[in-house]
Amino acid sequence: MSPKGASNANDVRRRLPSVDQVVGSPAGQAMVREHGREPVVEGVREELGALRARLRGTGQAASGKVLEPSSILAGALQRLQARQAPKLCRVINATGVILHTGLGRAVLPRTALDTIASEQAGYSLLEVDRDTGARTIRETHVVELLKRLTGAEAATVVNNNAGATMIALATLAQSREVIVSRGQLVEIGGSFRIPEVMEMSGARLVEVGTTNKTYIQDYERAIKPETALLLRVHTSNFRVIGFTASASLEELVALGRKHGLPVMDDLGSGVLVDLAPFGILDEPGVVDSVKAGADVVTFSGDKLLGGPQAGLLVGTSRWIGAIRKNPLFRALRVDKLKLTALEATLKLYLDRDRLARELPTLAMIAMSPEEIERRALDLAARLKSVPALSVEILDDASEVGGGSVPAHMIPTKVVAVRHARRSLESLAAALRAHTPCIFARVQRERVLFDVRTLLEGEGAEIAAALVRITA
Ligand SMILES: *Cc1c(COP(=O)(O)O)cnc(C)c1O
């Protein structure tokens with residue numbers, strides 16, 4: 001004899017309505033009209049399956065209520081909504097890390113998003129010249145802007161800077177030797193290692209100097225008939241301090257000219273405007289590398305430039321032209337959405353006043369202490385209305401991030417909270433699980449919200465989320 005509970009559950013399972021019954025009910029039909037037949041059928045099927053499994057698992061009799069179509073439809077709706085919610089969703093970044101690789105690096109300027117919506121809703125002039133009607137190269141519009149902004153003779157663009165570095169090495173030094181300082185054999189987050197990229201590109205690495213000191217004579221001694229290229233890599237994410245020496249780009253270019261060798265400069269981030277007024281002194285400018293005579297300069301679109309992910313290459317017509325002819329170029333080519341966003345972002349650079357206002361990356365770096373203070377007071381006031389939350393404003397530091405400007409901290413203010421009944425970790429986890437996701441820092445025994453990286457209206461959203469989470 002089976003125990004009473006189990007036989008009861010069997011009964012209940014038998015009494016579960018069919019998918020057709022639930023979907024065919026008036027409420028089911030209303031849901032079909034709103035969400036479409038297929039998603040509703042799928043949701044109901046899943047919900048019934050889960051209910052059946054639950055009844056089998058517990059051996060418990062369910063109340064008649066769970067068997068009603070309305071209750072099953074409610075469960076189905078939740079499944080349907082969870083499936084339709086974008087997984088790659090918006091995040092409120094209160095970490096204070098401006099170029100947070102995990103959160104998508106640079107926030108795109110509004111004009112880039114608007115231009116995508118207005119110019120890419122239909123066909124676009126991607127590879128056709130409107131005057132002649134003939135085919136052109138797809139990055140023409142961006143090339144002119146890059147040449148103008150960097151002073152370079154030629155320019156092109158690929159999918160990201162790792163790709164830019166790879167194709168440049170593969171073009172300039174395939175099966176030959178590249179001389180690079182031991183102090184510049186960097187790994188950039190996500191396992192981008194210069195020695196490995198070099199190997200993949202088919203170039204052979206010749207290391208010179210030591211970790212902390214490399215002189216121009218070290219490069220010169222390593223030059224052989226097999227040498228194809230002198231490479232400088234910006235040590236984006238670390239800094240060697242103390243007893244150090246490195247060859248300048250000018251010295252490398254002079255050495256290259258003497259031996260008939262091209263020089264490549266991988267800037268990583270690279271900047272198109274002087275960030276010294278904002279306290280950022282050691283991020284190399286693309287213009288400086290071009291002026292110094294580098295044959296190829298590579299940099300990212302979504303680091304300090306503040307645009308979409310892209311690998312930008314500027315330099316001499318001879319070498320940029322050769323890179324464009326490499327079959328790898330097709331494999332690394334940029335799509336029309338990215339090109340549109342890049343063009344709109346670069347256009348901001350033609351007007352410095354507009355740039356400071358409209359490029360989020362720059363606006364965040366350049367935010368005045370008064371503005372930071374104002375935003376902190378505003379957020380603190382909002383959070384003080386959340387029950388059981390203790391709120392204070394503390395001095396702290398924001399970071400540029402994205403492997404740019406190593407060790408550079410920008411003074412900021414954070415709104416620091418603690419909850420009377422919730423642990424810091426559970427609060428931070430609930431904020432991440434919230435829609436929209438909220439990323440804060442858990443430090444100094446508090447949850448910290450750095451106001452520097454918040455966008456318009458996000459303070460109110462954080463307050464609303466905390467009310468909901470801690471209710
Ligand atoms: C970030 C970086 C790269 C890789 O650029 P992505 O745009 O992330 O592909 C390459 N080299 C240096 C020096 C960098 O800092």
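The values are calculated or read from the model by the stated rules, or taken from the named source; none is laboratory data. Everything quoted here is computed from the prediction, not taken from an experiment. Cβ placement follows ideal geometry from the backbone for every residue including glycine, while neighbour counts extend to all protein chains displayed. Calculation scope for accessible area: heavy atoms of the full protein, side chains included, ligands and nucleic acids excluded. Shrake-Rupley method; radii C 1.70, N 1.55, O 1.52, S 1.80 Å.
From the set of residues in the range 143-164 that are within 16 Å of the ligand (Cβ to nearest atom) and β-branched (Val, Ile, Thr), which is nearest to Leu342 (Cα to Cα)?
Only one residue fits best here, namely Val157.
Only residues that are within 16 Å of the ligand (Cβ to nearest atom), within 20 Å of Ala173 (Cα to Cα) and β-branched (Val, Ile, Thr): list them for the range 220-237, please.
Val233
Residues that are within 16 Å of Leu103 (Cβ to Cβ), at least 1 per element: which strands (runs of 3 or more DSSP E) completely within the range 352-453 meet that?
Values: elements: 389-401, 409-419, 437-439, 441-443, 446-450.
Filter on the range 352-453 gives 389-401, 437-439, 441-443, 446-450.
If Ser246 meets every condition in (1) in contact (Cβ under 8 Å) with a residue 40 or more places away in the chain; (2) open to solvent by less than 50 Å² (accessible area, probe 1.4 Å); (3) within 32 Å of the chain's Cα centre (by Cα) apart from one, which number is that one?
In the conditions (1) in contact (Cβ under 8 Å) with a residue 40 or more places away in the chain; (2) open to solvent by less than 50 Å² (accessible area, probe 1.4 Å); (3) within 32 Å of the chain's Cα centre (by Cα), Ser246 misses (2) alone.
Which one is surrounded by the most Cβ atoms within 10 Å (Cβ to Cβ), of the residues in the range 165-219 that are on the phi > 0 side of the Ramachandran plot and either away from the ligand (no atom under 16 Å from the Cβ) or among the hydroxyl-bearing types (Ser, Thr, Tyr) (or both)? Spell out how you get there, then give the answer.
The first filter runs over the range 165-219 and keeps only residues on the phi > 0 side of the Ramachandran plot, leaving 175, 190-191, 202, 209.
Add one more test, that the residue is either away from the ligand (no atom under 16 Å from the Cβ) or among the hydroxyl-bearing types (Ser, Thr, Tyr) (or both), and what stays is 175, 191, 202, 209.
Numbers: Ser175: 11, Ser191: 7, Gly202: 13, Gly209: 22.
Residue satisfying both the conditions and the ranking: Gly209.
When the range 184-207 is examined, which residues are found to be within 17 Å of Val263 (Cβ to Cβ) and part of a helix (DSSP H, G or I)?
Matches in the range 184-207: Gln184, Ile194, Met198, Ser201.
Consider Leu339 carefully, then state whether it is at pLDDT 95 or above, within 14 Å of the ligand (Cβ to nearest atom), assigned by TED's automatic domain parsing to the domain that holds Leu145 and open to solvent by 10 Å² or more (accessible area, probe 1.4 Å). Walk me through it before giving the result.
Details: at pLDDT 95 or above: yes; within 14 Å of the ligand (Cβ to nearest atom): no; assigned by TED's automatic domain parsing to the domain that holds Leu145: yes; open to solvent by 10 Å² or more (accessible area, probe 1.4 Å): yes.
Here the answer is no, as Leu339 does not meet what is asked.
Working only within the range 281-292, note down all residues that are in contact with a strand residue (DSSP E or B) (Cβ under 7 Å, 6 or more places away or on another chain) and either assigned to a loop (DSSP other than H, G, I, E, B) or under 15 Å from Gly402 (Cβ atoms) (or both).
Step one: list which residues in the range 281-292 are in contact with a strand residue (DSSP E or B) (Cβ under 7 Å, 6 or more places away or on another chain), which gives 283-286, 289-290.
The answer is Glu283, Pro284.
From Val286, Val263, which residue is open to solvent by less than 10 Å² (accessible area, probe 1.4 Å), at pLDDT 95 or above and more than 15 Å from the ligand (Cβ to nearest atom)?
Working: Val286 fails: more than 15 Å from the ligand (Cβ to nearest atom).
On inspection, the qualifying residue turns out to be Val263.
Kindly provide the set of residues from the range 317-328 that are open to solvent by less than 70 Å² (accessible area, probe 1.4 Å) and out of contact with any strand residue (DSSP E or B) (no Cβ under 7 Å at 6 or more places or on another chain), ordered by number.
Ala322, Asn326, Leu328
If you go through the range 351-395, how many residues are open to solvent by 80 Å² or more (accessible area, probe 1.4 Å) and touching a residue at least 60 places away in the same chain (Cβ under 8 Å)?
Counting residues in the range 351-395 that are open to solvent by 80 Å² or more (accessible area, probe 1.4 Å) and touching a residue at least 60 places away in the same chain (Cβ under 8 Å) gives 4.
Which one of Val240, Val314, Val273, Val297 is within 16 Å of the ligand (Cβ to nearest atom), surrounded by fewer than 24 Cβ atoms within 10 Å (Cβ to Cβ) and not in a helix (DSSP H, G or I)? Working first, answer last.
Values: Val314 fails: surrounded by fewer than 24 Cβ atoms within 10 Å (Cβ to Cβ); Val273 fails: within 16 Å of the ligand (Cβ to nearest atom); Val297 fails: surrounded by fewer than 24 Cβ atoms within 10 Å (Cβ to Cβ).
After applying the criteria, what remains is Val240.
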